[in-house]
Amino acid sequence: MRHSRPSWATRALFAAMLSTVLAPAARAQGGGTFYMGTYTDKILVLDEATLSVRDSIKLSIGIPASWTLSADRSRMYVRNPRGDQVEIIELASRKAVGKFTLSTPSTTVQIWGMSVDPKDRYAILLVKWYTKRSDRYEVTGPKLLRYDFAKRAVTDTIPWPRNEEREFANTIFSPAGDLMYFFTSDDILIYDAVTLKQVDRWDLASTFYEDGMGRINAGFGADVYEEPGFFTNLFRVNDPVNRRTLMGVGRVDLVNRTVDYYMLGPTAPVSFRLAPGKRKAIGIQNEVGNYHFWSFDLENRRVAGKTQFEGRPRMGLTIGSSGNNLYIHTAGNSIDVYDINTFQKQRTVVFDMDMTVITLVPPRPAGPGN
């Protein structure tokens, strides 16, 4: 029996119908861009929808070991494995627009932490000096410095709050860039970002002490799905009466100095990542042989469920820009894609090289100025 070949018009109609059916699925994958550091001198640029490599960014400082994303997501400040060089990448052009180091021939200056001003004028650096002597290395620091990008120089040394030297510093800028928040275990010290003088203090822990809780233990950092000046994360407090550690969710408003928090129950070794829309969050419990996804219902203030999955001894979690997918990555050379509702693995994408760090930059929302 002979089959007649479909006409051009029929084929075109079928293609149009097929594209209509597949378009929602393609959109559901997300329209963001992954930047994946490798153990070479390149950052791979991946399309989120397909996880295919569409470009690469060549570095002059070697392996990209870590980076800091600018507030407007237009630049990336990349550090090498020694932490003594920083290269500035413009993401739109995918080109380097500058680099700097504080090292000299006799002294290596390693950058252990970096916070960038929202207007990309300067950075607050946590550094240590390593000077080579005839029989040893002499270590000085740590110290907090302000590095001015326009002047290409360190302009200020910032005194440690309360003259208490720290190995680590968590410093965050206000959305307008006029204030700088320095986090301690009990409070938040507020500095004028121009004069670098302390102008106020927020006793964050007193919020929990008033309810009979112990010292707060929470992490504060940038999240691509959170509003500027707000931070949502898990926090843990000691219950002095029952002698146990409890876990809850808190949303901190730095500008208005308020905290909206609620308890979930006994603590667990689980991470926390906001999903787009901030109605839910996902975490991973990373214990060998006991890997679980945790789903947090932020609207109803509860743990929605836990699902066991085949994890990795070392892994990171990123939530897709569409809110439909989860990406498990780092370390290794692959990304596992899971459905955010069923937690079923959809696919695994394998690359030719291992990754050092990976970041998803969501697409800019439609509207004026975007």
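Out of all the residues in the stretch 110-131, is one or more under 20 Å from the mean Cα position of the chain (by Cα), small (Gly, Ala, Ser) and farther than 17 Å from Val78 by Cα? No, the conditions are met nowhere in the stretch 110-131. Only one of the listed residues (Leu44, Leu102, Leu125) is in contact (Cβ under 8 Å) with a residue 12 or more places away in the chain, out of contact with any Lys or Arg (no Cβ under 7 Å at 6 or more places or on another chain) and under 21 Å from His329 (Cα atoms). That residue is Leu44.
Inspection of the stretch 342-356 identifies at least one residue that is under 17 Å from the mean Cα position of the chain (by Cα) and of a type outside the set (Asp, Glu).
In the stretch 53-79, the residues that are in contact (Cβ under 8 Å) with a residue 24 or more places away in the chain reach residues that are in a loop (DSSP other than H, G, I, E, B) and of a type in the set (Lys, Arg) with C-beta atoms within less than 7 angstrom, at least six apart or across chains, in these pairs: Asp55/Arg94; Ile57/Arg94. Does at least one position in the stretch 350-369 carry a residue that is without any contact (Cβ under 8 Å) to a residue 60 or more places away in the chain, under 21 Å from Gln29 (Cβ atoms) and not in a loop (DSSP other than H, G, I, E, B)? Yes; the residues of the stretch 350-369 include at least one that is without any contact (Cβ under 8 Å) to a residue 60 or more places away in the chain, under 21 Å from Gln29 (Cβ atoms) and not in a loop (DSSP other than H, G, I, E, B). Within the stretch 293-311, the set of residues being farther than 19 Å from Thr348 by Cβ and not small (Gly, Ala, Ser) comprises Trp294, Phe296, Asp297, Leu298, Glu299, Asn300, Arg301, Arg302, Val303, Lys306. Scanning the stretch 262-300 for residues that are surrounded by 19 or more Cβ atoms within 10 Å (Cβ to Cβ) and either among the aliphatic types (A, V, I, L, M) or over 21 Å from Ile340 (Cα atoms) (or both) yields Val270, Leu274, Ala275, Ala281, Ile282, Ile284.
For the stretch 325-348, filtering for residues that are within 18 Å of Val53 (Cβ to Cβ) and part of a loop (DSSP other than H, G, I, E, B) leaves 3. Here is the figure for the stretch 293-344: residues that are farther than 23 Å from Met36 by Cα and of a type in the set (D, E, K, R) total 5. Looking at this structure, is Val109 in contact with a Pro (Cβ under 9 Å, 6 or more places away or on another chain), β-branched (Val, Ile, Thr), surrounded by 15 or more Cβ atoms within 10 Å (Cβ to Cβ) and at pLDDT 95 or above? Criteria not met by Val109.
Condition check for Ser134 on (1) over 27 Å from Asp47 (Cα atoms); (2) in contact (Cβ under 8 Å) with a residue 12 or more places away in the chain; (3) among the small types (Gly, Ala, Ser); (4) in a loop (DSSP other than H, G, I, E, B): one failure, at (2). The set of residues in the stretch 315-324 being part of a strand (DSSP E or B) and either surrounded by fewer than 21 Cβ atoms within 10 Å (Cβ to Cβ) or in contact with a Pro (Cβ under 8 Å, 6 or more places away or on another chain) (or both) consists of Gly316, Leu317, Ile319. Considering only the stretch 120-145, how many residues are in contact with a strand residue (DSSP E or B) (Cβ under 9 Å, 6 or more places away or on another chain) and surrounded by fewer than 19 Cβ atoms within 10 Å (Cβ to Cβ)? Total meeting the criteria: 13. Of the residues making up the stretch 51-106, those that are among the β-branched types (Val, Ile, Thr) and either in a strand (DSSP E or B) or in contact with a helix residue (DSSP H, G or I) (Cβ under 9 Å, 6 or more places away or on another chain) (or both) number 8.
The values are calculated or read from the model by the stated rules, or taken from the named source; none is laboratory data. What you are looking at is a predicted structure, and each value in this text was computed from that prediction instead of being measured. Note that we place each Cβ from the backbone using ideal geometry, even for glycine, and neighbour counts take in every protein chain shown.
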